[in-house]
């Protein structure tokens, strides 16, 4: 995982901790919010280990269920996503190991490391149709960002590219934190509306 | 999963802040009052934007609340909605504790009985040859009836029948080893597999 992926995570502790505490107090909807927040990241992470999409979803589901059942043991010593990602990676690796123990489908026996490398290389292979949809979606997102007013685009890119906190962005843009928050939301909302047809098409296909 | 099917811009702004980890208590309270489907749909767009800007190799789209529903179904099917209790509680309710206590007690009892047999049985065998005294001796004064421990030197000097020689050799070696059976000598004794018997 590269640095640019990790930087935005630095500020996510407080919200997550609040949600985790609510789950620990018995609020199941708080866990729903955590699932919705991290499901794409977890699916993407597991997708690096496992190629088959249905298996990826199974492992992601298992990971979240494990997290839910053991959430009372989460003490907040690390960030929630770090804890969750560890569960997801271990679940994915266990899944690969369990697959390797099944009767072999080919004559060649592979050890776990080879199985892991094979799946890792296969996971980079997407179908041409999926690649095409992904490229179209990416172009639509960049186009929508270019169409944004300057202050919205700056706020969004400072947040997404540089991983700055709302407070840091407010200092750079010389405006209140509430304004930063509003600008980032409005920027996302505008881009989301622009790409919604692509997202809906992706679901139906 | 519930609540309001409509969503306000304020709630979506709270969602955006939560997505960035900048949500306040009020934001989270507002989010928990929203419909999960609406939140999931909006978050899908937020994730797509983020993944695109972060140059993720594959854009994961189309999940919305499918995964969430699967998780709910699984938990409902297994009838285990609540998170499992803390580890300390799990340890406290382990039902095997009585069994382990019983096993430990029976083991100690067995070891004690074996030690008893080794100590007193060995002494009995050792003294059995010496007590060739006539039965009438039993009615003699108390001093004469008490079993007398025969010193090794006397044992060596005694003339024994040939058919009893082998047994006496064994008993003699046992008497030498018997010094280990007192007090703390019991533990090293346990390591002795058998006595070296001279043929």
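The values are calculated or read from the model by the stated rules, or taken from the named source; none is laboratory data. Model, not experiment: these values are computed from the prediction. Glycine gets a Cβ as well: all are built from the backbone with ideal geometry, and neighbour counts include every protein chain shown.
Against the conditions (1) at pLDDT 90 or above; (2) loosely packed, with under 12 Cβ neighbours inside 10 Å, residue A:104 satisfies every one except (1). Is the stretch B:14-37 home to any residue that is closer than 12 Å to residue A:185 by Cα, surrounded by 20 or more Cβ atoms within 10 Å (Cβ to Cβ) and either more than 7 Å from every other protein chain (Cβ to nearest Cβ) or at pLDDT below 90 (or both)? Yes, the conditions are met somewhere in the stretch B:14-37. When the stretch A:146-166 is filtered for residues that are part of a helix (DSSP H, G or I), out of contact with any helix residue (DSSP H, G or I) (no Cβ under 6 Å at 6 or more places or on another chain) and within 11 Å of another protein chain (Cβ to nearest Cβ), only A:157 remains. Scanning the stretch A:66-86 for residues that are surrounded by 19 or more Cβ atoms within 10 Å (Cβ to Cβ) and farther than 19 Å from residue B:21 by Cβ returns a single hit, A:68. Tell me yes or no: at least one residue of the stretch B:55-63 is at pLDDT 80 or above and surrounded by 20 or more Cβ atoms within 10 Å (Cβ to Cβ). The answer is no; no qualifying residue exists. Being within 7 Å of chain B (Cβ to nearest Cβ), modelled with pLDDT of 90 or more, buried (at least 20 other Cβ atoms within 10 Å of the Cβ) and in contact with a helix residue (DSSP H, G or I) (Cβ under 6 Å, 6 or more places away or on another chain) is a property that holds for residue A:60. Confirm whether residue A:49 is buried (at least 18 other Cβ atoms within 10 Å of the Cβ) and more than 10 Å from chain B (Cβ to nearest Cβ). The answer is yes for residue A:49.
When we screen B:66, B:5 for residues that are within 27 Å of residue A:201 (Cα to Cα), more than 7 Å from chain A (Cβ to nearest Cβ), within 45 Å of the chain's Cα centre (by Cα) and at pLDDT below 85, the only hit is B:66.
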